[in-house]
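Scroll down for the structure; my scribbles are underneath it.
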Amino acid sequence: MNRREFLKISAALGAAGAVPTLLGGCASKPLPGTGRVTTSPTVCNMCFWQCAATLYQEDDRPWKVVGHPDDPHCEGRLCTRGTGGIGAFLDPDRLRQPLLRVTGGGGQRFKPVSWDEAFDFVADKMEAIGEKHGRDRIALFSHGDGGSHFSRMLQAFGSHAYAHPSFAQCRGPRETAFGLTYGEGVGSPDRTDMANSRCIVLIGSHIGENLHNSQVQTLTRALDQGATLITVDPRFSVAASKSRHWLPIKPGTDIALLLAWTNVLVNEDLYDHDYVAQHCAGFEQLAQHVQPFNPEWAYLETGLDPASIRETARAMAQAAPATLVHPGRHTTWYGDDTQRCRAIAILNALLGSWGRPGGFYIQEKVDLPEYPTPKPPKPASDWKATVQGDYPLVGTGISNKLLEHSVGDDAFFKGWFVYATNLPMTLPGATEQIAAAAQSLDLMVVVDTMPAEITGFADVVLPECTYLERYDDLRNKPERTPTLALRMPAFGPSHQTKPAWWMAKGIAERLGLGEYFPWQDYREVIDWQLRQVGSSLLEMEQRGVKRFPRKTAIYFEQGEPVRFNTPSGKIELYSSLLADVGQDPLPRYAPPDRPPVGYYHLNYGRSPAHTFGRTINNPQLFELMPENVVWVHPAAAAKLGVANGEYVQLENPVGTRSNRVRVRVTQRIRPDSVFMVHGFGHTDERQRLARGVGADDAALMHNVKLDPVTGGTGMRASFVTLVKPSEVS
Ligand code: MGD
Ligand code: SF4
């Protein structure tokens, strides 16, 4: 028998009753708002933009959740997914009690246990790992606010290794590239000053479908004010449809275009001389480097008309410095990602847009002290050197590297905590490796609100209450206006669910580490922090959001000397740090892999109705978008003999096939590519709406390209063909 068989959380352990449906059936109820209405502040957790909101209850039942008018993340309006927050709370498929893997009767199963039993099991296993292998051998994968509590608990224990998929599967190359160039990253929310932009360039960034609330609002405002929008995308995205210029680039050739644009700015003398002279280092090397890469050269790589490349470069220069070459967000594409993001950072520097209106503003957050707790012990070893020493410029964890070092009896990691991240659908093409890690790990704890693919590998599943039922850390993000926002419970935790801080404290106490959690209730921590900045929990429970005055200017002053946090103190067009580690100090282009005959580039993206895989089973959002479809160009459809609306399966060159997915034949995609929305294709049977609908792109990724600078997983280099169900064995 396997050490850890994949277990489905059977119906007996979840909700009884009907398959979830859209909330409502309200026909016979009185009109909303006519009962006894109460409100409480929250911070939306349906994605990671963290909009502040107000939850309305009527006669103690959830009614609606709306954006907070004072909040810069949402400017008073939630997006589609945000309004579906109540669906996450009411989802009848939610996890309900702690579950423990037990063996007996010829197999393994999950047994519902008390919190005490679950904590005892976890603490005993952690102690055993500590004794046998060392206390530094437990990794934390986390993607969400509660992860910080498990990080505190594990650090107190002696394990400091952690990774968020939002780095190596998302923003890592961008943050690293901007860090190398400007000495700091773009941050979240992105510091883009779009409301003041006169020209915006989106490179594979499909804002509008990819819905980050205030970003969409500021883009719309810029367009209303007449800004020029240039969209570079192999697909005619929603943003492309609003653009003055759509450049339908050959997939994977963006660096060629960026070099050509740089070539035009330099050779036509269109760059910001004063800004470059005052703030930048390495202009001469850059100017020389881009000489061969004129628009005619780029045409051969990108398929884009040289005249359009020149015209768009001139449009950027004309609007500068109020030109934003948008840095994108999900940037792990073809493995050349840090270099592509560097090319974007460099272009912005030539246009003088960093620190200037319409470009990138300077972020500031509230100076909020940490609640005083003892300093954790130093870990026994340098896990970063062991696990990801090949990536010396990366300061954070690389999730795929932590996974790699969890497989096999000699693996460094012996235990995992997985908080709010569904690794099989998140780490591309990694399900087999995750299954292998499950065979070698001594402990896997999964903390989630839903039964997900990752819970099937766990020893212990700890059910967290949803964001509408808990306090979390105050939201304090670097942004335009320093602002605090409070998430507080509107309801008590449903079933036997609990918040993350309570779980981490409980496990720490079992381990004799209670001094690291010196509070009874997390309210004490929040109140203490608020009092240090002249507020209180009581005040925030009433107002939800509080803005604070800025202490620094939001843009550079004209002629003001600026010291950037780079080795030269300047914006590094030529990166000395990349040169030091043997990487290209200036962006270099290499043509991407091309699909084998009969295959297509597998392109994927987002929908305004869903966030990754986490919202598919949400009854409200499922109703809006119950499955994904695969976009196919008419010429490709004719070649493949598939028709609009028909179900097919996708198959990659190594024979992996997807679940069935419906075809959408459209001119809006290049003939060499197909496109689908990520997040569908769940297999866990306890997600009764999401299971078996749509296709999962992550499982089809056979050609993951590691970025040599960040270790991020380039996910756009895989190929698929369409297989008719009749051809499916
Ligand atoms: P989600 O899929 O949103 O994020 O991938 P993940 O980090 O896995 O949700 C993960 C889990 O969080 C779900 O099981 C959900 O039930 C749980 N969850 C939701 N709310 C809570 C909560 O309040 N508490 C707890 N404990 N759990 C909760 C995202 C990652 O995926 C990212 S950031 C990107 S940008 C990448 N995108 C991407 C892609 O586009 N295509 C492919 N193929 N892979 C991708 N991987 C990356
Ligand atoms: Fe919620 Fe939408 Fe804001 Fe994300 S962008 S936090 S889903 S309202």
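Residue check, GLY613 against (1) part of a helix (DSSP H, G or I); (2) touching a residue at least 12 places away in the same chain (Cβ under 8 Å), all met but one. Which one?
Of the numbered conditions (1) part of a helix (DSSP H, G or I); (2) touching a residue at least 12 places away in the same chain (Cβ under 8 Å), the odd one out for GLY613 is (1).
Across segment 692-708, what is the number of residues that are in contact (Cβ under 8 Å) with a residue 60 or more places away in the chain and under 21 Å from ALA452 (Cβ atoms)?
The qualifying residues number 9.
If you scan segment 420-474, which residues turn out to be near ligand 1 (Cβ under 7 Å from one of its atoms) and small (Gly, Ala, Ser)?
ALA420, ALA452
In segment 186-203, which residue that is more than 16 Å from ligand 2 (Cβ to nearest atom) and surrounded by fewer than 23 Cβ atoms within 10 Å (Cβ to Cβ) is farthest from the chain's Cα centre (by Cα)?
Only one residue tops the list, namely ARG198.
Restricted to segment 39-85, and to residues that are among the small types (Gly, Ala, Ser) and not in a strand (DSSP E or B), which residue is farthest from ligand 2 (Cβ to nearest atom)?
Only one residue fits best here, namely GLY76.
Mind checking which residues of segment 10-52 are within 24 Å of THR611 (Cα to Cα), away from ligand 1 (no atom under 16 Å from the Cβ) and modelled with pLDDT under 70?
Selection gives VAL19, THR21, LEU22, LEU23, GLY24.
Is it the case that ASP584 is in contact with a Leu (Cβ under 9 Å, 6 or more places away or on another chain), part of a loop (DSSP other than H, G, I, E, B) and surrounded by fewer than 19 Cβ atoms within 10 Å (Cβ to Cβ)?
Judged against the criteria, ASP584 is a match.
Report whether or not GLY87 is in contact (Cβ under 8 Å) with a residue 40 or more places away in the chain, over 30 Å from GLN363 (Cα atoms) and either away from ligand 1 (no atom under 16 Å from the Cβ) or of a type outside the set (Lys, Arg) (or both).
yes
Is it the case that PHE680 is touching a residue at least 24 places away in the same chain (Cβ under 8 Å), under 30 Å from GLU175 (Cα atoms), surrounded by fewer than 24 Cβ atoms within 10 Å (Cβ to Cβ) and not β-branched (Val, Ile, Thr)?
The answer is no for PHE680.
Go through segment 392-414 and report how many residues are out of contact with any His (no Cβ under 9 Å at 6 or more places or on another chain) and away from ligand 1 (no atom under 11 Å from the Cβ).
Residues in segment 392-414 being out of contact with any His (no Cβ under 9 Å at 6 or more places or on another chain) and away from ligand 1 (no atom under 11 Å from the Cβ): 15 in total.
Being within 10 Å of ligand 1 (Cβ to nearest atom) and within 24 Å of ARG235 (Cα to Cα) is the filter here; which residues of segment 682-703 pass it?
If the condition is that a residue be within 10 Å of ligand 1 (Cβ to nearest atom) and within 24 Å of ARG235 (Cα to Cα), then ASP696, ASP697, ALA698, ALA699, LEU700, MET701 are the ones that fit.
What are the pairs, 6+ residues apart or on separate chains, where a residue within segment 98-114 that is closer than 20 Å to LEU441 by Cβ has its Cβ under 6 Å from a residue that is of a type in the set (S, T, N, Q)?
Hits for this filter: ARG101/GLN108.
Quick one: in segment 367-399, of everything that is among the hydroxyl-bearing types (Ser, Thr, Tyr) and in a loop (DSSP other than H, G, I, E, B), which residue is surrounded by the most Cβ atoms within 10 Å (Cβ to Cβ)?
TYR391
Condition check: of a type in the set (Ser, Thr, Tyr), closer than 29 Å to LYS64 by Cβ and out of contact with any Gly (no Cβ under 9 Å at 6 or more places or on another chain). Does THR497 satisfy that?
Answer is yes for this residue.
Residue by residue through segment 59-83, note down the ones that are basic (Lys, Arg) and under 13 Å from TRP49 (Cα atoms).
Once the filter is applied, which keeps residues that are basic (Lys, Arg) and under 13 Å from TRP49 (Cα atoms), segment 59-83 yields ARG77, ARG81.
If LEU513 satisfies every condition in (1) away from ligand 1 (no atom under 15 Å from the Cβ); (2) surrounded by fewer than 20 Cβ atoms within 10 Å (Cβ to Cβ) but one, which is the exception?
Here LEU513 meets the rest and fails (2).
Please list, ordered by first then second residue, the pairs with beta carbon atoms under 9 Å, 6 or more apart or interchain, first in segment 153-172 and over 23 Å from TRP501 (Cβ atoms), second in a strand (DSSP E or B) and within 11 Å of ligand 1 (Cβ to nearest atom).
ALA168/THR713; GLN169/THR713
Collect the residues in segment 651-668 that are in contact with a Phe, Trp or Tyr (Cβ under 9 Å, 6 or more places away or on another chain) and not charged (D, E, K, R), keeping them in residue-number order.
ASN652, PRO653, ASN659, VAL661, VAL663, VAL665, THR666, GLN667, listed by residue number.
Quick grid of which residues meet (1) closer than 14 Å to ASP145 by Cα; (2) not aliphatic (A, V, I, L, M); (3) not assigned by TED's automatic domain parsing to the domain that holds CYS47:
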| site | (1), (2), (3) |
| --- | --- |
| ALA437 | no, no, yes |
| LEU441 | no, no, yes |
| VAL460 | no, no, yes |
| GLU479 | no, yes, no |
| ARG487 | yes, yes, no |
| PHE491 | no, yes, no |
| TRP528 | no, yes, no |
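Which helices (runs of 4 or more DSSP H) sit wholly inside segment 224-316 and have at least 2 residues that are in contact (Cβ under 8 Å) with a residue 40 or more places away in the chain and either in contact with a Pro (Cβ under 9 Å, 6 or more places away or on another chain) or over 28 Å from PHE556 (Cβ atoms) (or both)?
It comes to 254-267, 273-279, 283-289, 295-302.
In the list PRO251, PRO306, which residue meets the criterion of being buried (at least 22 other Cβ atoms within 10 Å of the Cβ), away from ligand 2 (no atom under 16 Å from the Cβ) and of a type outside the set (A, V, I, L, M, F, W, C)?
PRO251
For THR615, all conditions in the list (1) within 25 Å of PHE178 (Cβ to Cβ); (2) surrounded by 14 or more Cβ atoms within 10 Å (Cβ to Cβ); (3) of a type outside the set (A, V, I, L, M, F, W, C) hold save one; what is the number of the exception?
The single condition THR615 does not satisfy is (1).
Note down all Cβ pairs under 7 Å where the first residue falls in segment 374-395 and is under 23 Å from GLU131 (Cα atoms), the second is assigned to a loop (DSSP other than H, G, I, E, B) and among the charged types (D, E, K, R), and they're at least six residues apart or on different chains.
PRO379/ASP136; ALA380/ARG135; ALA380/ASP136; SER381/ASP136; TRP383/ASP136
Consider VAL533 carefully, then state whether it is of a type in the set (Val, Ile, Thr), more than 27 Å from the chain's Cα centre (by Cα) and more than 30 Å from GLY87 (Cα to Cα).
Judged against the criteria, VAL533 is a match.
The values are calculated or read from the model by the stated rules, or taken from the named source; none is laboratory data. Predicted model, so just to flag it, every value in this text is computed and none were measured. Cβ: placed from backbone, ideal geometry, glycine included. Neighbour counts: every protein chain shown.
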